[in-house]
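Here's the structure we're looking at; comments come further down.
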């Protein structure tokens, strides 16, 4: 079966409460799509709808061009990896990896071959005879991934697969997942996470979810450099979101004029200006804003400054300063016009709550 996933108006509800609202989204064959959002946003529900663990109250789910909405999980040809590893403690690594193949009644020689291939792919071939209790968390997650890959799925679902690992192991596993993506170019991956670093590092595209709805979808670069709305700007990377008023030649923050492309916005309209902290400089320059330093954080290679500008808190991430200003000092920040994005007022507002629906099952 060819890969690829398509959500067609998929809605899922619990007891009349909508937890996924009219999702339209396509994951292309061979693509890694990250579903990024806070808890309760609907991202895990979307993944479970693909897996067949919840049934949509409305809409259809397609895998490889085939409508699988009414098919049970075992007939969908998918692999799945969850955050808790879900390995059988009494089985050796090789038997855990073989479990799905045995359930499908594969021939013994085929099982041996596929188990060896899967373990080799995740770098666990030398641990085949061990039990899960003899492995680290990162190694157990590799075994879980090998088990999902052993059945040669066209679609791989990953539900917060790294959340139980410490920072060092998480970074290593991200590298391994990126390598797997390169070595398995025909497998579509749907990756659920609330960690923006994971999404930015691994995904070809990111679908940003909030309050049961899809808020934006695009490449990591698109969402970071030109976010569609304030929620996306704040969830995909850090952002200064400043309420401004559109003027004839730019915008105004309080009484301070700011030069920025307005995209034809009407003079006098209220909008939100998005500026990434690492694009804010210290000292004189274009779009200068003067304020009071309220907090200073040393982060090793960088300093983060928090500056109050007429009641607006602005972050600036700077290379480590040899002589940083003191708290309470008056400082000047600046940023280039090209480094700011104007969000229309209607797009910057919080998304409306999902409407109730008296049908279905599922939750985030």
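No lab work stands behind these numbers, since they all come straight from the coordinates. Here the structure is a predicted model, which is why all the values come from computation and not from measurement. Every residue, glycine among them, receives a Cβ derived from its backbone with ideal geometry; neighbour counts consider all protein chains shown.
Test of understanding: what is the full-extension gain from residue 169 to residue 267, defined as 0.36 nm times their sequence separation minus their Cα-Cα distance?
Contour length minus Cα-Cα distance gives 30.2 nm.
Per 0.36 nm of contour for each residue apart, how much would the distance between residue 338 and residue 88 grow if the chain were fully extended, relative to their Cα-Cα spacing?
84.6 nm
What is the pair-distance distribution P(r) of segment 110-221, computed from all Cα-Cα distances in 5 Å bins starting at 0, with each bin given as a whole percent?
For segment 110-221, the pair-distance distribution reads 2, 10, 21, 23, 19, 13, 6, 4, 2, 0.
Based on alpha-carbon atoms only, what is the radius of gyration of segment 16-94 relative to the globular estimate 2.2 N^0.38 Å?
Against the empirical 2.2 N^0.38 Å value, I get 1.25 for segment 16-94.
In nanometres, what is the gap between the two model label sites at residue 17 and residue 178, each 7 Å from Cα along Cα-to-Cβ?
For residue 17 paired with residue 178, the spin-label model returns 3.9 nm.
For helix 167-183, what angle does its Cα long axis make with the longest principal axis of the chain, in degrees from 0 to 90 and rounded to 10?
Once rounded, the angle reads 70 degrees.
For segment 82-97, list residues with backbone N below 19 Å from a point placed 7 Å from the Cα of residue 117 toward its Cβ?
94-97
Can you compute log10 of I(q)/I(0) for segment 248-347 with the Debye formula, treating each Cα as one identical point scatterer, at q = 0.23 Å⁻¹?
Log-scaled intensity ratios, in q order: -1.22.
Which of 125, 49, 13 moves the most in a Gaussian network model of the chain with Cα springs under 10 Å?
125
Starting from the Cα of residue 296, step 7 Å along the direction of its Cβ; do the same at residue 313; then give the gap between the two resulting points in nm.
Here the modelled spin labels are 1.9 nm apart.
Let me have the relative contact order for segment 232-348, percent, based on Cα pairs under 8 Å that are six or more residues apart.
Contact order relative to length: 30 percent.
With a ≥ b ≥ c taken as the square roots of the eigenvalues of the C-alpha gyration tensor of segment 163-224, please select rounded if a/c is under 1.5 and otherwise prolate if a/b is larger than b/c or oblate if it is not?
Working: a/c = 1.96, a/b = 1.32, b/c = 1.49.
It is oblate, given that a/c is not under 1.5 and a/b is not larger than b/c.
To the nearest 0.05, what FRET efficiency results for residue 136 and residue 75 with a Förster distance of 45 Å applied to their C-beta separation?
Calculated transfer efficiency: 0.85.
Residue 110 label point, 7 Å along Cα→Cβ, cut-off 18 Å on backbone N: hits in segment 1-33?
1-2
Which distance in Å, rounded to a whole number, links the C-alpha centroids of segment 229-282 and segment 1-39?
Cα centroid of segment 229-282 versus Cα centroid of segment 1-39: 31 Å apart.
Could you state the angle between the C-alpha long axis of helix 108-121 and the longest principal axis of the C-alpha atoms of the chain, as a value from 0 to 90 degrees rounded to the nearest 10?
Here the helix axis deviates by roughly 20 degrees.
May I ask you to order 6-12, 145-151 by the average number of other C-beta atoms within 10 Å around their residues, highest value first?
Numbers: 6-12: 21.4, 145-151: 24.3.
Averaged packing, sorted descending, gives the order 145-151, 6-12.
Could you grab the relative contact order for the chain? Cα pairs under 8 Å, six or more apart, rounded to a whole percent.
Reported relative contact order: 22 percent.
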